[in-house]
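Peer 1: First, the structure itself, so that you have it in front of you.
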Amino acid sequence: MTAPRSASEPVPVPAPAPVATPYELAFTTDRKRFYWTNPNCGITIVDAGRDSALVWETPQGEERRRWTEISAVNMLLASDGKQEVNQCRIDFNDGRSLTVSDAGANGQLDETRTPIYRAFARALNARLAHAPDGTIRFTAGMTEGRYRVMQILLGLLTVLFVVTPVVLVFIVRDWRVLGTLAAGAAFVWPFWRLMQNNAPRAYDPRHPPDELMQ
């Protein structure tokens, strides 16, 4: 028989029921970049106090990672060759990673998923903002090394498609060369814009970069 509870003894408060918020977004694991089709879609944020986690399912089964297992978050603006694709890479303490994006199964931008991605990225950052300082690294854009290489490539493209036509205008005295200049500028501009948005930097998870959630 259970002894009666005294009036001074505190009544235990039941733990809040877990709240799961699903997001229909494509994802890849362990930095996989090349594929013909991506069958992985659907990631869930589970709010459950200390057991809050990310949950996703692959053909190998369900995976769950708690907030305490996350070591870094990187937000990036990639390209499918035609349009920009938003990506959020989540690194875990064991060296594995999860990359979530607004791409479709073929890796190209799916504009219907962009608002869903934006909601996911903001929700994830808002929750991780409560992590103890220094436990999670928040970065935006490319790595320093990759950014330098891309800067060199951008410089070469600018010389080839923008500077050269300008020089030709004064050499050949033919204003039709300006058409080549306009075409070159139109070709270089998206690349330049991608570089500007992907400049390597740290960010505050309370204010994730809007330019990487377009």
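Peer 1: Please report, in debye to the nearest 20, how large the charge dipole of the stretch 53-159 is about its Cα centre when each Lys and Arg carries +1 at its beta carbon and each Asp and Glu carries -1 there.
Peer 2: Rounded to the nearest 20 debye, it is 220 debye.
Peer 1: Order by neighbour count: Thr68, Thr21, fewest other Cβ atoms within 10 Å first, most last.
Peer 2: Result, fewest neighbours first: Thr21, Thr68.
Peer 1: Can you list the residues, at least 5 places off or on another chain, whose amide H is less than 5 Å from the amide H of Ser71, using H built in the peptide plane?
Peer 2: Close amide H contacts, sequence-distant or interchain: Asp91, Phe92, Asn93.
Peer 1: Shifting gears a bit: How much length, in nm to one decimal, is gained on full extension between Ala202 and Thr29, taken as 0.36 nm per residue of separation minus their Cα-Cα distance?
Peer 2: Full-extension gain reported as 60.0 nm.
Peer 1: If you don't mind, another one. Pull up all non-local amide H partners of Ile136: gap of 5 or more, or a different chain, and H-to-H distance under 5 Å with H placed in the peptide plane.
Peer 2: none
Peer 1: What nm distance separates the two modelled labels at Val19 and Ser71, each placed 7 Å from Cα along Cα→Cβ?
Peer 2: It works out to 3.1 nm between the two label points.
Peer 1: With +1 on each Lys and Arg Cβ and -1 on each Asp and Glu Cβ, and nothing else charged, work out how big the dipole of the stretch 50-97 is about its Cα centre, in Debye to the nearest 20.
Peer 2: 120
Peer 1: Turning to a different aspect of this structure: Compute the projected area of the convex hull of the Cα atoms of the stretch 70-130, averaged over all viewing directions, and report it in nm² to one decimal place.
Peer 2: 4.4
Peer 1: In addition: Based on other C-beta atoms within 10 Å, arrange Ile90, Ile152 from fewest to most.
Peer 2: Placing the least packed residue first, the sequence is Ile152, Ile90.
Peer 1: Can you tell me how much longer the chain between Tyr147 and Glu111 gets when fully stretched, taken as 0.36 nm per residue apart minus their C-alpha distance, in nm with one decimal?
Peer 2: Value of the extension gain: 10.3 nm.
Peer 1: Over the stretch 54-139, what relative contact order in percent results from Cα pairs under 8 Å that are six or more residues apart?
Peer 2: RCO, the stretch 54-139: 25 percent.
Values quoted throughout were computed directly from the atomic coordinates according to the rules given, and no laboratory measurement underlies them. Because the structure is a prediction, the values reported are computed rather than measured. Here Cβ is always computed from backbone atoms with ideal geometry, including for glycine, and neighbour counts include all displayed protein chains.
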